[in-house]
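Report on the structure given below.
The values are calculated or read from the model by the stated rules, or taken from the named source; none is laboratory data. Values in this document were obtained by computation on a predicted structure and should not be read as measured data. Please note: Cβ atoms are built from the backbone with ideal geometry, for glycine as well, and neighbour counts cover all protein chains shown.
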Amino acid sequence: MKSCILTHPGFEDLAKEELTRFGVSVSGSGTSTVFFDSNKEQYLHVMRHSQLARRCLLHLGTFSDLKDVTFPTDFPYADIFTNNTFKIEVENVKGQENRIAIAKDVAGKLFEVLKGKNVEGTLELKEPAFFVVVFHTGTEYVIGIDFSVEELNIRQYRVFPHSGSFKGDHSFYVVAKSGYQPGSNLLVGFMKDGSFAIEAGLRTTGKPVREVDVSSFSFFADSKFSHKKYEMSGSIFAFDETTQNFLASRKNAKLASVQDDITFQKMSIEDLDVKYEKEQFDTAIFHITTKDESKINEIWYQLSYVMKKDGNVLFVTREKATLSISSKFELVSKGELAKGESVHLVWLCKKL
């Protein structure tokens, strides 16, 4: 069956790599969209394990103009709509009036198909069982069924969030851009609420990112979640200088079921060469906020001791921050990462 994940703009290539790793066939991509072919079990696996998806849709069609919207006739509507309420969710279209007009138009066409199939559909705006999503890419309208309703990048484990941290998909994007690979040794500095370390832990162990409940849909009656033994390889260390962030990170990791896969520590940047071995880490990620910028020389000094030769160090900073590069490292790349209305800089460096 044809499916589609919606991603943050700029995450599409990494999302294609992730889907390929899951064993599904990627059939195409566009702005914030990646299409793939899968069976029901693979679709559920993507829903549970994807760290880059914002939504995971059962694809109904893609249209350049709304007047061309038609719904497939060979689709198991009864197995999805029967005894389940739904809402038309229009995304990436400016103006509430425009979104309402699109929802009404799409709903009208959908109800015509349901009527022809003798399937009863029930709209519910407040607490629907699923969404029929209409996503505008800028040039096309992608329509599909979202069984989750809640956006997948809103992690269930982030019960104790930090105001400066990122949503799950952004955190995993940073981990992926750092070059971190399962089986290697990772250091996360100034961990905030622990999201970078937790996303790395989920990637390494293969544990589900979220639980999904599709029990009300007969469409998935014969489908089963895959179960396997999750194993940790390599090591992940994360530290922060404040007790509040240290405790919050441990609590979030427990909710994500990776508390035994990550070593959380409360310590200052000056203690790295005491706590860790020389050339212990392959990769390091540091989220540098304004209050941390004065410590950059000490950060470089400590990293020169704990990082392996050719090891990667990724810094996330505010947009207007300047980062002087140590003579013991080289700047590999510099990019931007949008977070809502704000923009962060992502600096990837390598130890010489």
Can you spot a residue in the range 7-16 that is touching a Leu at 6+ places or on another chain (Cβ under 7 Å) and closer than 15 Å to G144 by Cα?
yes
Taking interchain pairs and intrachain pairs at least six residues apart, which have beta carbon atoms under 6 angstrom, with the first residue in the range 93-119 and over 22 Å from D79 (Cβ atoms) and the second assigned to a loop (DSSP other than H, G, I, E, B) and modelled with pLDDT of 95 or more?
R99/V93
Return the pair list, or none, for Cβ contacts closer than 7 Å from residues in the range 205-220 that are farther than 30 Å from P182 by Cα to residues that are of a type in the set (F, W, Y), at least 6 apart or on different chains.
V214/F147; V214/F220; F217/F147
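State the number of residues belonging to the range 45-76 that are under 16 Å from the mean Cα position of the chain (by Cα) and closer than 30 Å to G116 by Cα. Spell out the reasoning first.
So the first thing to find is which residues in the range 45-76 are under 16 Å from the mean Cα position of the chain (by Cα), and the list is 45-57.
Then drop every residue that is not closer than 30 Å to G116 by Cα, which leaves 55-57.
The number of residues fulfilling the criteria is 3.
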Please list, ordered by first then second residue, the pairs with beta carbon atoms under 7 Å, 6 or more apart or interchain, first in the range 337-349 and on the phi < 0 side of the Ramachandran plot, second polar (S, T, N, Q) and part of a strand (DSSP E or B).
H344/T317; L345/T317; W347/T317; L348/N312; L348/S333
Return the residues of the range 206-263 that are assigned to a loop (DSSP other than H, G, I, E, B), at negative phi and in contact with a strand residue (DSSP E or B) (Cβ under 6 Å, 6 or more places away or on another chain); say none if nothing qualifies.
I262
Residue count, the range 149-167, condition farther than 22 Å from K266 by Cβ and either surrounded by fewer than 21 Cβ atoms within 10 Å (Cβ to Cβ) or assigned by TED's automatic domain parsing to the domain that holds T290 (or both), comes to 6
What is the residue count in the range 305-338 for residues that are surrounded by 15 or more Cβ atoms within 10 Å (Cβ to Cβ) and within 21 Å of K291 (Cβ to Cβ)?
9
